[in-house]
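K.L.:
Here it is: the structure, laid out below.
The values are calculated or read from the model by the stated rules, or taken from the named source; none is laboratory data. Note that the structure is predicted; figures quoted are calculated from it, not measured. Here the Cβ positions follow ideal geometry from the backbone for every residue, glycine too, while neighbour counts run over all protein chains shown.
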Amino acid sequence: MKFFNWLRPNKEEQLRQQVRAAANKAKRGQQTKQTAFKWEQQWGLYEKVLSRKSYSSKEVIDSLKVIRDLNPDASMAIWNLQRLVNSGFEVVAQRPDGTTDDAMTEKLEDLAKRVGPLYGGGMDQLVGVWTLAGYTSGGFAAEVELNEQLNDVVDIHVVEATSIDFMRDKEQKMNMVQRQSDGSLKVLNPETVFYYPLDPDVGDPYGRSPLLPILQIVFFQVQVLKDLQRVIHHQGYERFDISIVEEAILKAMPDEIKYEPAKVNEFVQAFVGDIEKHFSELEPDTDFIHTDSVKVQTAGGAGGKSMDATRVIGVINEQIVSALKMLPILLGRNEGTTETHGTVQWQIFVAGVKSIQRTIKRLMERSFNVYLRIQGFQGRAKVTFNEIPVRNEMQEAQAEQTRTNTKIIQVQQGWIDNDEAANDITGHDAVGPAPAPSNPILNSFRPPTSSARMMGKNRADEDEIEEGAAAFIGETEEPWAEQVAELTDQAEEAFGRFMKYQREEYIARMRKAGTPLSTEQEAIESFRDWVETNVLFDSSEQLALWNELGMDWIAVAAVTAGEVNALTFDVDVVFNSQDEVLLRALSDRSRRSAEFIQGVTDESVLMSLWDVVADGKYDIAKATKVLEEDHAFSKNRARVIARTEMIGAARAGQNDSDRQSGLVIGKIWRSAKQDRTRPGHRKAHDQTVAFDEPFLVENNKGEIEQMMYPGDSSLGASASNVIQCRCWYKRILAGEEM
């Protein structure tokens with residue numbers, strides 16, 4: 001019995017394993033694919049080639065090839081696309097841990113140079129062929145040819161996608177097949193033959209050609225051009241309008257036949273026929289003589305009226321541009337657009353080019369991986385195409401500077417740490433400590449950090465406010481006007497003290513520098529060098545101080561206005577003060593304003609000191625007095641700067657708050673309607689635009705400038721349109737009429 005008792009646990013364990021296996025099998029059965037494509041439902045047949053859709057048949061693709069090569073627009077589109085896709089690439093062999101194997105990478109580079117001898121040699125040549133064939137047929141295919149020993153790659157071939165079909169076998173596996181010369185189907189090895197469809201439809205492994213829409217519009221274009229040829233031939237040349245006087249025919253007709261209709265008809269036919277024959281035999285430059293029984297005039301020609309063919313051609317051109325998925329400028333059509341819209345269009349187009357690059361990249365990587373496997377390398381190939389520029393170098397540099405400044409601000413505000421910022425900018429942790437969060441020189445000029453003061457407490461007396469920013473803001477009717485008015489008064493006082501600090505620095509330097517080398521009225525350029533060397537030598541540092549100080553103040557104004565504005569919606573809207581779009585806009589504004597402010601200061605110091613030289617002998621005491629009275633350091637200038645920057649920043653915060661809400665679809669310009677309101681701003685009153693479109697406003701020269709909101713300079717509006725602007729905009733919410 002003990003023996004049987006010893007066997008019992010083993011039997012129980014076997015039973016448990018059988019139950020567990022049955023349960024797992026049942027689970028797997030429930031998890032198999034339950035839906036079916038249309039071609040899977042067709043009579044349940046296997047080993048049948050999956051048919052192509054009618055518009056992607058081989059005959060249609062052949063037609064696309066003809067149009068691609070013969071139609072000027074299609075040829076231009078393909079030409080540009082091939083050059084953009086083939087932007088150059090690099091390939092590396094990566095180990096499983098992600099590091100690069102230099103020796104194997106060198107072998108991959110050698111392989112890339114020797115493949116594709118049919119097209120001149122080189123993987124870059126294959127990229128061009130893949131682009132041409134794939135964009136036309138809607139599928140990208142390649143085959144890796146190995147030598148007989150299966151230890152090296154002989155070549156990588158571009159395969160015509162239309163020569164490959166798909167067939168499902170009895171195990172419901174989808175195989176690639178190719179019809180042979182004897183009519184049989186050969187199953188292709190998926191380890192060496194690769195196929196990637198472009199924009200495939202549901203259940204369709206073949207892909208769709210982006211050029212398909214061009215068929216309809218090109219056929220229509222050809223017919224229209226044929227019709228225009230006839231019209232031009234018919235109306236482009238003047239023709240003779242010959243009329244024969246009936247009285248002349250009656251006088252020439254013999255009396256004996258006048259009452260015999262048959263003979264009358266014969267006579268008239270002969271009379272008219274002789275005249276017609278005479279004129280038809282004339283050469284274009286031949287002079288001719290005729291009796292007064294025939295009147296000759298001209299008809300038609302360029303002066304004749306007809307339909308406007310240019311409009312018809314314009315419609316066709318628009319359809320061609322859309323069908324070819326190409327930008328108008330790349331087809332030689334300059335339709336005119338703003339720089340902003342043009343940049344966005346180019347970015348969208350480049351995204352489409354990159355999608356094609358990604359497909360070709362997968363083909364290349366799989367082909368290279370075959371080589372790595374037969375070489376016994378445990379890893380994979382990584383292909384990277386060179387970036388296609390979407391902005392010029394100056395724009396890239398400015399964008400990079402803005403991104404960096406944004407991250408610096410976020411670190412200084414304590415929103416992210418130094419390593420997070422470094423990874424976003426450089427891709428790795430910071431290599432050193434974060435810089436000091438602020439310049440100690442500016443500590444006494446910074447805005448209040450107390451939320452109580454920001455929200456209106458500890459304000460000055462009402463009479464004082466009425467003489468200050470509150471009275472200036474006037475009729476803006478904005479809910480944040482009171483808080484921003486207080487901040488503006490505080491900024492005015494802080495800016496005034498900072499400008500006084502600058503003035504004292506310049507006076508001290510001037511006294512230390514002594515008298516210029518010559519007290520005579522020397523050339524102003526030489527004097528400028530002396531001033532810049534001895535007084536204004538740290539202009540870039542002073543500009544940086546203005547930039548930092550201005551950013552501190554306008555950020556407070558923007559956040560205050562944005563938060564208050566968010567409370568005015570009927571639904572809950574949370575204003576994100578850390579929004580990168582807002583921070584970049586404020587950073588750009590601060591930089592532009594600092595450049596303008598410090599530039600005016602430098603020029604004013606130079607010209608004031610030059611006036612001392614021009615009045616006679618240079619005297620330090622006299623120069624000191626001139627700088628003390630210089631407008632560049634006056635309270636009035638501090639007031640203008642504070643009002644311009646703080647109210648403009650508040651508008652930026654309000655605009656970003658409206659953007660973040662997602663509820664605003666439009667905006668209406670409202671001028672301040674005061675005596676000092678600019679003429680261009682009066683004209684802009686009631687101008688209505690979509691929320692993401694700029695207002696078009698005249699500057700003091702009558703030139704049209706773009707402004708996203710009153711006080712905005714991000715699109716290049718000049719100082720005459722921005723300084724102390726008190727206009728505002730009324731928002732249009734979703735559901736309201738524009």
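K.L.:
Which is of a type outside the set (Phe, Trp, Tyr), surrounded by 17 or more Cβ atoms within 10 Å (Cβ to Cβ), in contact with a Lys or Arg (Cβ under 9 Å, 6 or more places away or on another chain) and part of a strand (DSSP E or B), of Gly648, Gly666? First the steps, then the outcome.
P.N.:
Details: Gly648 fails: part of a strand (DSSP E or B).
Going through Gly648, Gly666 in turn, just one is of a type outside the set (Phe, Trp, Tyr), surrounded by 17 or more Cβ atoms within 10 Å (Cβ to Cβ), in contact with a Lys or Arg (Cβ under 9 Å, 6 or more places away or on another chain) and part of a strand (DSSP E or B): Gly666.
K.L.:
Here is a further query. Hey, can you tell me all the residues within the stretch 371-406 that are small (Gly, Ala, Ser) and either touching a strand residue (DSSP E or B) at 6+ places or on another chain (Cβ under 7 Å) or modelled with pLDDT of 85 or more (or both)?
P.N.:
Residues of the stretch 371-406 that are small (Gly, Ala, Ser), as a first pass: 376, 379, 381, 397, 399.
Those that are small (Gly, Ala, Ser) and either touching a strand residue (DSSP E or B) at 6+ places or on another chain (Cβ under 7 Å) or modelled with pLDDT of 85 or more (or both): Gly376, Gly379, Ala381.
K.L.:
Could you tell me which of the residues Glu365, Glu339 is at pLDDT below 85 and either of a type outside the set (A, V, I, L, M) or more than 29 Å from Ser137 (Cβ to Cβ) (or both)? Don't jump to the end; show me each part of the working.
P.N.:
Details: Glu365 fails: at pLDDT below 85.
Within the list Glu365, Glu339, the selection yields Glu339.
K.L.:
Further question: For the stretch 179-186, check the following and say yes or no: at least one residue is touching a Leu at 6+ places or on another chain (Cβ under 8 Å) and touching a residue at least 40 places away in the same chain (Cβ under 8 Å). I'd like the intermediate steps shown before the answer.
P.N.:
Let us first name the residues in the stretch 179-186 that are touching a Leu at 6+ places or on another chain (Cβ under 8 Å), namely 179.
Adding the requirement that they be touching a residue at least 40 places away in the same chain (Cβ under 8 Å) leaves none.
No, there is no match, as no residue in the stretch 179-186 is touching a Leu at 6+ places or on another chain (Cβ under 8 Å) and touching a residue at least 40 places away in the same chain (Cβ under 8 Å).
K.L.:
Condition (residue is among the β-branched types (Val, Ile, Thr) and at pLDDT below 90) applied to the stretch 600-609: is it met by at least one residue?
P.N.:
no
K.L.:
Enumerate the pairs (first residue in the stretch 93-109 and closer than 13 Å to Val383 by Cα; second residue anywhere and assigned to a loop (DSSP other than H, G, I, E, B)) with beta-carbon separation below 8 Å, excluding pairs fewer than 6 apart on the same chain, so at least 6 apart or on different chains.
P.N.:
Pairs found: Ala93/Asp101; Ala93/Phe377; Ala93/Gly379; Gln94/Asp101; Gln94/Gly379.
K.L.:
For the stretch 613-630, name all the residues that are assigned to a helix (DSSP H, G or I) and at pLDDT 85 or above. Walk me through how you get there before you give the answer.
P.N.:
In the first step, residues of the stretch 613-630 are kept if they are assigned to a helix (DSSP H, G or I); the result is 613-614, 620-628.
Matches in the stretch 613-630: Ile620, Ala621, Lys622, Ala623, Thr624, Lys625, Val626, Leu627, Glu628.
K.L.:
Any chance the stretch 521-539 includes a residue that's assigned to a helix (DSSP H, G or I), at pLDDT below 90, surrounded by fewer than 20 Cβ atoms within 10 Å (Cβ to Cβ) and of a type in the set (A, V, I, L, M)?
P.N.:
Checking the stretch 521-539: at least one residue is assigned to a helix (DSSP H, G or I), at pLDDT below 90, surrounded by fewer than 20 Cβ atoms within 10 Å (Cβ to Cβ) and of a type in the set (A, V, I, L, M).
K.L.:
If the requirement is being surrounded by 21 or more Cβ atoms within 10 Å (Cβ to Cβ) and of a type in the set (Asp, Glu), which of these qualifies: Asp692, Asp686, Asp630, Asp658?
P.N.:
Values: Asp692 fails: surrounded by 21 or more Cβ atoms within 10 Å (Cβ to Cβ); Asp686 fails: surrounded by 21 or more Cβ atoms within 10 Å (Cβ to Cβ); Asp630 fails: surrounded by 21 or more Cβ atoms within 10 Å (Cβ to Cβ).
Going through Asp692, Asp686, Asp630, Asp658 in turn, just one is surrounded by 21 or more Cβ atoms within 10 Å (Cβ to Cβ) and of a type in the set (Asp, Glu): Asp658.
K.L.:
From the list Glu143, Glu148, pick out the single residue that is of a type outside the set (A, V, I, L, M, F, W, C) and touching a strand residue (DSSP E or B) at 6+ places or on another chain (Cβ under 9 Å). Walk me through how you get there before you give the answer.
P.N.:
On the way: Glu148 fails: touching a strand residue (DSSP E or B) at 6+ places or on another chain (Cβ under 9 Å).
Of Glu143, Glu148, the one residue that is of a type outside the set (A, V, I, L, M, F, W, C) and touching a strand residue (DSSP E or B) at 6+ places or on another chain (Cβ under 9 Å) is Glu143.
K.L.:
Separate question: Can we say Ser671 is surrounded by 16 or more Cβ atoms within 10 Å (Cβ to Cβ), outside the structural domain of Arg528 (by TED's automatic domain parsing) and either closer than 18 Å to Val531 by Cα or of a type in the set (Ser, Thr, Tyr) (or both)? Give the derivation first.
P.N.:
Values: surrounded by 16 or more Cβ atoms within 10 Å (Cβ to Cβ): yes; outside the structural domain of Arg528 (by TED's automatic domain parsing): yes; either closer than 18 Å to Val531 by Cα or of a type in the set (Ser, Thr, Tyr) (or both): yes.
The answer is yes for Ser671.
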